[in-house]
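The values are calculated or read from the model by the stated rules, or taken from the named source; none is laboratory data. As the structure is a computational prediction, the values presented were derived from the model and not from experiment. For neighbour counting, all protein chains shown are included, and Cβ atoms are generated from backbone atoms with ideal geometry for every residue, glycine included.
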Amino acid sequence: MLAFTAKRLGIALLVALTVSLITFSMIYVSGDPAIAIAGEGARAQDIEAIRKFYGFDRPILEQYFSWLGGALQGDFGRSFTLRQPVADVIAARLPVTITLGALAIAFALVLAIPLGVLAAVRPNSIADRFALTVAVVGQAMPTFWFALTLILWLGVYWRLLPITGSDSWLNFIMPAIALGYYVTPAIMRLTRAGVLEVLSSDYIRTARAKGLRPMTVLFKHALRNAIIPVVSLAAVQFGFMLGGSIVIETIFQINGLGYLAWESIQRKDLPTMQAIVLSLSVIYVLLTLVADLLNAFLDPRLRVT
Amino acid sequence: MVETGLVRAGIPTAAEILAPSPAAVLRRRALRHWGLLIGGTILAIIIVMALLAPIISPFDPYDQQLGRKLIPPIWHASAKATWVHPLGTDHLGRDYLTRLLYGAQISLLIGVSAMLISGVIGTTIGVLAGYFGGRVDMVVNFIVTTRLSMPVVLVALAVVSIIGSSLTVVIWVLGLLIWDRFAVVMRSATQQVRVREFITAAQAVGCSTPRILLTEVAPNVVNHLIVVATLEMAHAILLEAALSFLGLGVQPPTPSWGLMISEAKGLMFFDPWLITIPGVALFLLVLSINMLGDGLRDVTAPENRN
């Protein structure tokens, strides 16, 4: 377990470093970031001033290491437009996005696990077909359109929920549904496949043979094993959702990291953009690391180095 | 002459002659698979309508006529609804059906192009990782892990905003971002093929590695490739719609379904059909592609169904 942990940690660190390199180079994809910030038709001396001010005239490696060094100490520079340290802005907005992500994943799990179990217990039944429909529809529905439709029905026609903002917990219900529904299919399919596989194993037959009640077999014996991969998938999906919440937060005007990302992209606020991409990637790396270690802890067969 | 078993060896038995060929088995399975048939039909209809857009519609998708703006669709109980504009007109008086048809061209173009780019990247590194294993596999694994840890929508938006958005930029950014599933699936498919006897045989008779990859490995992983390709095409179409919806994808006045929803957002409380129509179109297109992909997987590899 120790060797596995060490190896897994090393890979995570390398991935995080590579991501930081890519994130840093991102502002150079257009060639000159100073021109990108100044916009079209800017005067040459303005571009030069911007280049000096943000230090784009320094050697690229020096820029990267000073940026990375700052980032490691929680200093992402100052936002171009908000006139305050990027780290402070992110620290203020991150909890909102994490709350939204947690609610969304909770919604997805509450919908997906019972449906998946039901579908696996009775394959090809009406319940299975219903679960499949939910999954197929969820995969094909554009998130932003689903969100707008929710606003239209729950917010405008039926007046059940507030449409925009992030002041009360009521504001989070629609965004959480819109965001959570998107990840429901994957979780449901995995639950169904896992339960199906476990139910056909020998120890379940033994449990049934010794006369345990079907419910005990299902919940105490089968589900426990089938749920392990679902836990790690949920962790991974949670990471995806933090990145994907940009669309949802923009629609519902929730003051989280996604909305901040959209604002900073609109205003070409490069340090904020970089910091958001890097922090979301690092959060994702940490989540997958925890999920992998947890899985290896629960299932020694996975501890192959 | 006594007819022996040896003489008969090369000649197929009656049972073998009567058994359907593998192609016939596939065809029969495909014709019985409702999801595949329905998905394929819807997709075919959308493709034909997109290609025939100039013939189907007498209108120009860019032609603004403010005198006829916001005509509701035909099923609307309004005196303004007319068969001249079956799906109505938008806030600038452009025929909505025409924009929908030309928008289908954009969605399909982006879906296919991004899928081809990502398919080439993902398949190459996936097959290499699966075939060579060892160090190559480790490196590819690392690249895929790194790619997965970066949020797609966010990176796409940021890069498009820095370069400046156009159709070509959107296609390339999406193509360069979504190859991960190709790599993962192709890697495991190749790993399964690599250990088969015919690969060893090809190696033993001295075939070159490129030749083995092309003539021995490729035909045996192509069914997995087609399934991933359809799913990734749907993925690219959804991503383009999201980018265009956020204003960083296809630029106005080009008709894109995501952009149509974005333009109608402000009017959706008064004229909800403006977002319903492109939304349903997007849903049907992605649904049909996914159904086709799932169907192809069931037909070519029924054992992978669950």
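Contact map, segment B:198-224: first residue more than 18 Å from B:S188 (Cα to Cα), second residue not acidic (D, E), Cβ cut-off under 7 Å, separation 6 or more or different chains; pairs are B:A202/B:I212; B:Q203/B:I212.
It is to be established whether one or more residues within segment A:197-204 are outside any helix (DSSP H, G or I), surrounded by fewer than 17 Cβ atoms within 10 Å (Cβ to Cβ) and in contact (Cβ under 8 Å) with a residue 60 or more places away in the chain. Working first, answer last.
If we filter segment A:197-204 for residues that are outside any helix (DSSP H, G or I), which is where we start, we get A:200-201.
Still in the running and surrounded by fewer than 17 Cβ atoms within 10 Å (Cβ to Cβ): A:200-201.
Now narrow it down to the ones that are in contact (Cβ under 8 Å) with a residue 60 or more places away in the chain: none.
Within segment A:197-204, not a single residue is outside any helix (DSSP H, G or I), surrounded by fewer than 17 Cβ atoms within 10 Å (Cβ to Cβ) and in contact (Cβ under 8 Å) with a residue 60 or more places away in the chain.
If we keep just the residues of segment B:269-284 that are free of Cβ contacts under 8 Å to residues at least 12 places away in the same chain and in a helix (DSSP H, G or I), which is nearest to the other protein chains (Cβ to nearest Cβ)?
If we filter segment B:269-284 for residues that are free of Cβ contacts under 8 Å to residues at least 12 places away in the same chain, which is where we start, we get B:269-270, B:272, B:276, B:280, B:283.
Now drop any that are not in a helix (DSSP H, G or I), which leaves B:276, B:280, B:283.
Numbers: B:T276: 8, B:V280: 9, B:F283: 5 Å.
Filtering segment B:269-284 for residues that are free of Cβ contacts under 8 Å to residues at least 12 places away in the same chain and in a helix (DSSP H, G or I), the one nearest to the other protein chains (Cβ to nearest Cβ) comes out as B:F283.
Scanning segment A:78-136 for residues that are within 27 Å of A:R224 (Cα to Cα) and at pLDDT below 85 returns A:P123, A:N124.
Select from segment B:113-123 the residues that are among the polar types (S, T, N, Q) and either surrounded by 22 or more Cβ atoms within 10 Å (Cβ to Cβ) or at pLDDT below 95 (or both) and list them in ascending order.
Within segment B:113-123, the first condition is being among the polar types (S, T, N, Q), and the residues that meet it are B:113, B:118, B:123.
Once the filter is applied, which keeps residues that are among the polar types (S, T, N, Q) and either surrounded by 22 or more Cβ atoms within 10 Å (Cβ to Cβ) or at pLDDT below 95 (or both), segment B:113-123 yields B:S118, B:T123.
Selection within segment B:132-150: residues that are crowded, with 20+ Cβ neighbours inside 10 Å and more than 7 Å from chain A (Cβ to nearest Cβ). The member of this set that is farthest from A:L289 (Cα to Cα) is B:V140. Among the residues of segment B:151-172, those that are without any contact (Cβ under 8 Å) to a residue 12 or more places away in the chain and within 11 Å of another protein chain (Cβ to nearest Cβ) comprise B:P151, B:L154, B:A158, B:I162, B:I163, B:G164, B:V169.
Just so you know, in segment A:165-197 the residues that are within 12 Å of chain B (Cβ to nearest Cβ) and of a type in the set (S, T, Y) include one that is farthest from A:L115 (Cα to Cα), and it is A:Y182.
Tell me which helices (runs of 4 or more DSSP H) are completely within segment A:212-305 and hold 2 or more residues being over 23 Å from A:L13 (Cβ atoms), among the aliphatic types (A, V, I, L, M) and out of contact with any Asp or Glu (no Cβ under 9 Å at 6 or more places or on another chain), or say none if there are none. Walk me through how you get there before you give the answer.
Details: elements: A:223-252, A:257-266, A:270-298.
The qualifying helices (runs of 4 or more DSSP H) are A:223-252, A:270-298.
Checked against (1) without any contact (Cβ under 8 Å) to a residue 60 or more places away in the chain; (2) in a helix (DSSP H, G or I), A:L160 passes all but a single condition, namely (2).
May I ask you to say which residue of A:F76, A:F65, A:F24 is of a type in the set (A, V, I, L, M, F, W, C), within 27 Å of A:E263 (Cα to Cα) and within 14 Å of chain B (Cβ to nearest Cβ)? Break it down stepwise before answering.
On the way: A:F76 fails: within 14 Å of chain B (Cβ to nearest Cβ); A:F65 fails: within 14 Å of chain B (Cβ to nearest Cβ).
Result: A:F24 is the single residue among A:F76, A:F65, A:F24 that is of a type in the set (A, V, I, L, M, F, W, C), within 27 Å of A:E263 (Cα to Cα) and within 14 Å of chain B (Cβ to nearest Cβ).
Looking at this structure, is A:A71 under 23 Å from the mean Cα position of the chain (by Cα), assigned to a helix (DSSP H, G or I), at pLDDT below 85 and more than 13 Å from chain B (Cβ to nearest Cβ)? Explain how you work it out, then say what you get.
Details: under 23 Å from the mean Cα position of the chain (by Cα): yes; assigned to a helix (DSSP H, G or I): yes; at pLDDT below 85: yes; more than 13 Å from chain B (Cβ to nearest Cβ): yes.
When the stated conditions are applied, A:A71 passes them.
Hey, which of the helices (runs of 4 or more DSSP H) in segment B:1-88, taking only ones fully inside, have at least 2 residues that are at pLDDT below 75? Can you show your working first?
Numbers: elements: B:5-8, B:14-18, B:22-32, B:34-51, B:53-56.
In segment B:1-88, B:5-8, B:14-18 are the helices (runs of 4 or more DSSP H) which contain 2 or more residues that are at pLDDT below 75.
Comparison of A:A140, A:A120 shows that the only residue that is in contact with a Leu (Cβ under 6 Å, 6 or more places away or on another chain), within 11 Å of chain B (Cβ to nearest Cβ) and closer than 30 Å to B:M260 by Cα is A:A140. In segment A:27-56, of all residues being facing chain B (nearest Cβ under 10 Å) and crowded, with 18+ Cβ neighbours inside 10 Å, the one that is nearest to A:D299 (Cα to Cα) corresponds to A:I27. Residue check: B:H224 meets all listed conditions (1) under 20 Å from the mean Cα position of the chain (by Cα); (2) closer than 30 Å to A:V277 by Cα but one, namely (2).
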